[in-house]
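The values are calculated or read from the model by the stated rules, or taken from the named source; none is laboratory data. All values reported here derive from a predicted model rather than from experimental measurement. Note: ideal-geometry Cβ built from the backbone for every residue, glycine included; neighbour counts use all protein chains shown. Surface accessibility is based on the protein's heavy atoms, side chains included, excluding ligands, DNA and RNA. Shrake-Rupley method; radii C 1.70, N 1.55, O 1.52, S 1.80 Å.
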Amino acid sequence: MITMDDIVREGHPVLRQVADEVSLPPSEEEKHTLTEMLQYLINSQDEEMAEKYNLRPGVGLAAPQIGLSKRMIAVHFTDFDEQEYSMGLFNPKIMSHSVEKTYLSTGEGCLSVDRDVPGYVPRYARITVKGTDLNGNEVKLRLKGYAAIVFQHEIDHLNGIMFYDHINKEDPFNVPENAKPADREE
Ligand code: NB4
Ligand code: NI
């Protein structure tokens, strides 16, 4: 199973690389690895497992974070409309996005960053994502708010981008124009 020892931390060059496309169909090994990444998230949200194996909780994980420079992400979360997302995706791609932005009022963290970096992380409020799931099916997702934020955080990792790259250096809690928080009523 994947544990925190397998999680690469900032400063490692793989986190700043553009990851390689996965040639389809994916190999058994690639499918196994992506399934393990999803299982990490499920374990990390299980109090007993997280306690027993000292897992930092996560709702998303990208392959570069386990040292693998391949375009694979896993997500496991329930958004504010109680919609559940639990999947692995090969070659996820943002096909379109809104002009409007959103952000988490709590800011963001990252399993590859062992420090708090305060500030709002502006992201597209609505995106359309295409990718291939673990059963080899092409999927098209229309995402908004919290779900859109999670997928953008993970897809950024495939392009060598860290969440704090988006934070306004001068004024970290500057509310981007045309942006609404995803996690609280206005
Ligand atoms: C990715 C997220 C950071 C912001 C928001 C949140 C947690 C992560 C990083 C957007 C994506 C990991 C991957 C959480 C968490 C809420 C749901 C269910 C019960 C605990 C769990 C805690 F753990 N981020 N951690 N950070 N990243 N919410 N939740 N809760 O997931 O670095 O690239 O179990
Ligand atoms: Ni991250």
Flag for MET95 being closer than 18 Å to ASN159 by Cβ, within 13 Å of ligand 1 (Cβ to nearest atom) and not charged (D, E, K, R): no
Matching residues in the range 134-149 - criterion: being near ligand 1 (Cβ under 10 Å from one of its atoms) and open to solvent by 10 Å² or more (accessible area, probe 1.4 Å): TYR146
Pair list, Cβ under 7 Å, 6 or more apart: the range 166-186 residue within 10 Å of TYR103 (Cβ to Cβ), other residue at pLDDT below 95: LYS180/GLU186
The range 112-133, subset open to solvent by less than 20 Å² (accessible area, probe 1.4 Å) and in contact with a helix residue (DSSP H, G or I) (Cβ under 6 Å, 6 or more places away or on another chain), residue nearest to LEU15 (Cα to Cα): SER112
Hits in the range 32-49 (condition: surrounded by 15 or more Cβ atoms within 10 Å (Cβ to Cβ) and free of Cβ contacts under 8 Å to residues at least 24 places away in the same chain): SER44, MET49
Verdict on MET87 being closer than 17 Å to GLN152 by Cα and touching a Phe, Trp or Tyr at 6+ places or on another chain (Cβ under 6 Å): no
